[in-house]
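The values are calculated or read from the model by the stated rules, or taken from the named source; none is laboratory data. Just so you know, these numbers come straight off a predicted model, no measurement behind them. Every residue, glycine among them, receives a Cβ derived from its backbone with ideal geometry; neighbour counts consider all protein chains shown.
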Amino acid sequence: MLFDEVIDKRYSERKYSSKEPSDESIEKLLEAARKAPIANGQYDKCRLTVVKDKNLMEDFVKEYQEKTGKSKNPLYAAPVFIIFSSSKDTSARFEDAGCVIEHICLKATEMGLGSCYIRGSVNALGKDAAYIKNLNLDEGFYPVSGVIVGYPDGESSAREHNIKTNYIN
Ligand SMILES: Cc1cc2nc3c(=O)[nH]c(=O)nc-3n(C[C@H](O)[C@H](O)[C@H](O)COP(=O)(O)O)c2cc1C
């Protein structure tokens, strides 16, 4: 797929089929993730965790629902949840996450996979959440944001967006 086509086709998918992406597909997403820019080139302060374990995802959803009192599934029953963690205590960790996750989303689009950035629930659960213990992260690393990936259930397409822009000539 040409780059412009990938850009035109990317959208946040929130309905997934139960078909799981192959390990080879996930590896391609991770290769794209690793090519993302990171503030100060501090790749050693970043971690990626690929979660396919349904129990861990259920624990995440349950913990989110209990903490917020909301009934929605913040992971939309997607088969894969990739979590970006960081040991940085500066706001650069959010920007690092954004770059890495967008690389994953664009690569997923190119491969015919759906994806959606997941920040709200990761943020709501915070640094002390119980699910974090099961991510096997090195000490000092905490989840910043994540991305869900899978095959779309049904037909969706990209929405029109506009960002108001001014020019200083
Ligand atoms: C930093 C960031 C955090 C986001 N967090 C969530 C989230 O937690 N849950 C969700 O469903 N979508 C989330 N999104 C997706 C946005 O809602 C979505 O990108 C936006 O509405 C535009 O729609 P589109 O991606 O389909 O073009 C997030 C996007 C970004 C960039």
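For region 112-134, a residue qualifies if it is within 20 Å of Glu20 (Cβ to Cβ) and in contact with a Pro (Cβ under 8 Å, 6 or more places away or on another chain), and the qualifying residues are Leu113, Gly114, Ile118. Among the residues of region 67-84, which ones are surrounded by fewer than 15 Cβ atoms within 10 Å (Cβ to Cβ), within 14 Å of the ligand (Cβ to nearest atom) and not in a loop (DSSP other than H, G, I, E, B)? Within region 67-84, just Thr68 meets the criteria.
When Ile163, Ile148 are screened for being within 16 Å of the ligand (Cβ to nearest atom) and over 17 Å from Leu75 (Cα atoms), only Ile163 passes.
Taking each residue of region 93-106 that is closer than 11 Å to Val144 by Cα and looking for partners that are more than 8 Å from the ligand (Cβ to nearest atom) and of a type in the set (Phe, Trp, Tyr) with beta-carbon atoms closer than 6 Å, six or more apart or interchain, yields Ala97/Phe84. For Tyr142, the conditions (1) free of Cβ contacts under 8 Å to residues at least 12 places away in the same chain; (2) among the hydroxyl-bearing types (Ser, Thr, Tyr); (3) farther than 23 Å from Ser12 by Cα all hold with the exception of (1).
Could we say that Ala130 is modelled with pLDDT of 95 or more, closer than 25 Å to Glu58 by Cβ, in contact with a Phe, Trp or Tyr (Cβ under 8 Å, 6 or more places away or on another chain) and not aromatic (Phe, Trp, Tyr) here? Spelling it out, it is not the case that Ala130 is modelled with pLDDT of 95 or more, closer than 25 Å to Glu58 by Cβ, in contact with a Phe, Trp or Tyr (Cβ under 8 Å, 6 or more places away or on another chain) and not aromatic (Phe, Trp, Tyr).
Considering region 85-120, the residues that are in a strand (DSSP E or B) and away from the ligand (no atom under 11 Å from the Cβ) include one that is nearest to Ser157 (Cα to Cα), namely Ser85. What number of residues within region 6-25 satisfy the criterion of being touching a strand residue (DSSP E or B) at 6+ places or on another chain (Cβ under 6 Å) and under 29 Å from Thr90 (Cα atoms)? Total meeting the criteria: 1.
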